[in-house]
Each structure stands twice: as structure tokens, then as C-alpha cells.
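Below you'll find the structure, written out as C-alpha cells, and then a few comments.
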Amino acid sequence: MSAFSLKMDIAENRFFNGETSTLFSRQQAQQARRFHQKMTGYKPTPLVPLNELAALFGVKKILVKDESQRFGLNAFKMLGGSYAIARLLCEKYHSDINELSFEKLKSSIKEKMTFATTTDGNHGRGVAWAAQQLGQNAVIYMPKGSAQERVDAILRLGAECIVTDMNYDDTVRFTMQTALKNGWEVVQDTAWEGYTKIPTWIMQGYATLADEAVEQIASMGISRPTHVLLQGGVGAMAGGVLGYLTDVYGAKNLHSIIVEPALADCLYRSGVKGQIVNVGGDMATIMAGLACGEPNPLGWEVLRNCATQFVSCQDAVAALGMRVLGNPFGCDSRIISGESGAVGVGLLAAVHFNPQREVLMHQLKLDSNSVVLVISTEGDTDVKHYREVVWEGKHPAVQ
């Protein structure tokens, strides 16, 4: 196979201290998972071993958590939105989350509510789905350039969907102002001063997938992963999942790598500086779910304390991951992974094909004993673009 070089900037986390968070612990994740288990259609998403790809890449195991099979929604995001809405309703009606299901919550709602959020697609779809399940309203705002297919998926769930002429972070601010004026409840997966409770619940809800993965890893007879690759974005998923994993395995026992698009690498830049750094502009990356320029301070605290490395990479890395997963090596299973979902495997592939492979493997502490956990956070949520990448070769690895 060809050798080629894709842009990957790797930064060591000089501010790592290994301090875990009580907010994003095993206990909190298991409470969220118990709630999700009561939902109709719940089942753990597959943890897929790619043994032949692992042998090719020179590691012991590659384990991919395939979130395309989550509640038929093609992405993991509903885990956070549904749990946060449930916690919000429990607080409003003085109920115990441990004793309630969505069905019981639906019967307890005494007045129609409207949930609002900003999304690049998957989070808004999850909020719209949860609102529909509860018989409530949802208003979803999306930044400019959002794919029509993602808009249509939200509309099919009965929500109102509005595409703005602003980038993601400015749309978040607009959503907050509009919701405040109209008396709507904001269910946003990023936090700011005075708005931390709901983002905390969302992040705790995301950890359901990590609790499943830990259980699945143990069932394979594997004591623990040595590495985990997590997508950046605002850092909500990465923070929630890493918080849980470090509580289970210990931060010093897990080499955690946070991966972002170079066009929206706010966590990478924050990791280099040791404090939050915002990124502005259009952030026109193909990784729509990661096109966020302002870190979630709750997630950032976990990542600053416990992440091993931060990586900023070009879009072709994600496109490579989509093709590798969609065209499996040897007898490995096929995984349909979207732009944001595939960047972890894309990074592993980009390292393998790089002329400086050995140097990069050493830098990432990857070797024949490495067990790598990767989260494929979404499937082909934009089918048109998925086919342009996988069929037509858009964003090629080799020019």
C-alpha cells in the first residue's frame, strides 16, 4: 500500500494531574444507564473488534463502539438529551429519576413544554426525539451550512428546525436569548456561567455508552483498554466518557487521545495553553458534529486533568477513517461511520500509512500490546456526503 502523510498535530498534555471528577463517575453513569434501560428499544450498541485491522496496524486490539445503532437514530447523542430532559422533569415535578421511566414522566407532565437547543444535527435530533416521545414541543436551531438531510431528520420527528446564518457558537447564544424570551427550556450540551446543571446531566447521559463498553470489554476477557480515542467538539462527550473511564481504570492507566478537526481545534489549543482558548470563524470542517469553537468548561476541566494528548488533524483523516471502516480489512466487520464518528480510526490509519510511522507510534505509545477503544459516534447521518466520500473519493488521502 502507498505511504502518505496527512496533517496531524499532536500535543502532550503538560497539565495532566490525573484528578477524577465526582460529577462524571461510574456511579453517575450507571444511574443514567439504568434510566436508559427503561426506555423502549434500549439495547447496548455493539463493541466491534477489528482484529485483522489491529494486526495490520501493529496493535493488539482495536475495539470500535458502533453508535450508529443507538435507538434507530444513527448516533449516540440522544443519550444525553433524553437523560437531561428526564432529570429536568424530575426536578420540576419532584420525582426520583431512579424510580421513573419516560412513560411515567409523560403522564406526569401537566403543561406543554418547549425544549430548545443548538445542534450540528445529532444532538438536536436526540432532543427532538425525546420531546416527541414525551408529547412535548422542540425548537432546534442549526448553524449555517448544515446538511439538509440532518434538517429533514429533525423535522420528521415533529420539531421546528431553523438554520441560522451564524456559526455554531453564535447560534448557541441566539438560541439562549430566544428561549429566555419565550420561556422555553434550553437543553444544550455546552456550559457557561449560570448554565451548568443541564450540560452536566447531558454529559452523564453520554457515559451510558462507556458503561456498556467497559462491560463488553470485560466480557471479552480483556482487563482494560490501554488507549481510548475520543472526538473533541465542545468536549461534552469526551469529558463525560473520559471522566467515567478514568474513574473505572485510573487516569494514569489509560492513554487518552482527544481528536479534533484542524478547522475547529479549540480543545487542542486549550490543551497547549492549559486554559480555555476559543476558535472563531466558519469552522467549515466536514466533521459537522465537531465544528465547535468554544469548549464546554465542564468537559474542559476533565480533559485538562486527565487527557494524555490532544490531536488536531485535517479533514482527510476523518474521510480516510470512513473508507477504512466502510471497506473492512480481511474478515473484519463493516462499520458505517460518519464524518465525526470515523476520525479516531482515521487517525490510526493515518499513522500507519505515514512515512514517519514508527515515530508517530512511539509518540502515541502504540505498540503490539496496545488495546485501543474507539467510539464511532455516528453512522451516515448525511448519506449524500457519506457516499461522496466513500464512493467518489472526496477529501482524498493522496492528492
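The values are calculated or read from the model by the stated rules, or taken from the named source; none is laboratory data. From a predicted model like this one, the values you see are computed outputs, not experimental measurements. All Cβ positions, even for glycine, are placed from backbone atoms using ideal geometry, and neighbour counts span all protein chains on display.
Restricting the search to helices (runs of 4 or more DSSP H) fully inside segment 134-242 and requiring at least 3 residues that are small (Gly, Ala, Ser), out of contact with any helix residue (DSSP H, G or I) (no Cβ under 6 Å at 6 or more places or on another chain) and closer than 30 Å to residue 252 by Cβ gives 197-219.
Of the residues making up segment 63-81, not a single one is farther than 20 Å from residue 150 by Cβ, surrounded by fewer than 24 Cβ atoms within 10 Å (Cβ to Cβ) and without any contact (Cβ under 8 Å) to a residue 60 or more places away in the chain. Being basic (Lys, Arg), closer than 20 Å to residue 294 by Cβ and out of contact with any strand residue (DSSP E or B) (no Cβ under 8 Å at 6 or more places or on another chain) holds for only one residue in 181, 197, and it is 197. Restricting segment 78-134 to residues that are out of contact with any His (no Cβ under 7 Å at 6 or more places or on another chain) and β-branched (Val, Ile, Thr), which is modelled with the lowest pLDDT? Ranking the candidates gives 109 first.
Taking residues in segment 313-341 that are without any contact (Cβ under 8 Å) to a residue 40 or more places away in the chain and assigned by TED's automatic domain parsing to the domain that holds residue 286, and partners anywhere that are not in a helix (DSSP H, G or I) and not small (Gly, Ala, Ser), the pairs with Cβ atoms closer than 7 Å and at least 6 places apart or on different chains are 334/328. How about segment 311-354: which of its residues are part of a helix (DSSP H, G or I) and hydroxyl-bearing (Ser, Thr, Tyr)? Scanning segment 311-354 gives no hits.
The residues on offer are 333, 370, and the sole one that is crowded, with 19+ Cβ neighbours inside 10 Å and under 24 Å from the mean Cα position of the chain (by Cα) is 370. Of the residues making up segment 274-288, those that are in a loop (DSSP other than H, G, I, E, B) and touching a Ser or Thr at 6+ places or on another chain (Cβ under 8 Å) number 3.
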